[in-house]
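The values are calculated or read from the model by the stated rules, or taken from the named source; none is laboratory data. Quick caveat: nothing in here was measured; it's all calculated off a predicted structure. No Cβ is skipped: glycine too gets one built from the backbone with ideal geometry, and neighbour counts run over all protein chains shown.
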């Protein structure tokens, strides 16, 4: 019989558990197993409840005529159109009473009232409208829509007894007949109501101010607010009116290079970039190309395009990148002819903004 290796400690013999200890251990294991099964059952129940609230999956082809009147559907470049004609939220008014409409918009807010009634505020650009959803499962589905989800809604335009002051389309509301979520939003990192709040509201203590860093970190959501939507539309309107007037005056729109082999002007520093095996410069101005265009016998030219200037932003008037509205034209007798066109351009833009973009200007000023 061999002796133990010298220096190696022998393992002490394992003590056998008593019946009482075994019973205690078995009881502990059973308790843990019961807890695990209970947690799994709870998770399964919550998942089932979530699926029920989110609604069933509805085939795209059944949105209009199918028996299922609510649920989730997936739309991605469908080959066959359903022939639906969508109505803009801002076009809804009392003259459309009792008409059936399809609306595609974002769910801005929901409010459940009892088990069979829900109110949904839909937002589309600058317009909002209230939707009334009545009836068991469809009301529960609508009341549990996540904020900023995109929905397709089919309903009847009705006129409430009292104006709805919380929406832009205060004279009407929609009675929902079908409502489908086509893009469900995840939980938002911030409240949309906080983004919409004005400085006057914040100073009055009616809510928290959202910092600029937070807005920029969530820029896509921030740009959905009425003020930012209006700013983008007014910016587009300025370019449209500028182009509209100059074309009426016989000027031609041109598009000039922005990557140049040399600086186009000496008055501003330039951005130098690598262009294959050589240096190139971002255009500071289309001035040279505008003058060249006039030498081709065009009566006048204009361009709406980016401008790059490597100037330190010492003031709000020093910007490294902006959109320039440039024009160049010939005159017959003196430069007053050019001044008259410039004066007419500004007049056309200002009057056009007041006449065609009054609601956007109102949203910006709010």
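Worth a mention:
- Search result, residues across the range 136-163 that are under 22 Å from the mean Cα position of the chain (by Cα) and without any contact (Cβ under 8 Å) to a residue 40 or more places away in the chain: 143, 145
- Qualifying residue in the range 91-112 (condition: under 27 Å from the mean Cα position of the chain (by Cα), in a helix (DSSP H, G or I) and not assigned by TED's automatic domain parsing to the domain that holds residue 358): yes
- Output for the range 64-77, where each listed residue is surrounded by 11 or more Cβ atoms within 10 Å (Cβ to Cβ) and either at pLDDT below 90 or over 11 Å from residue 178 (Cα atoms) (or both): 66, 72, 73, 74, 75
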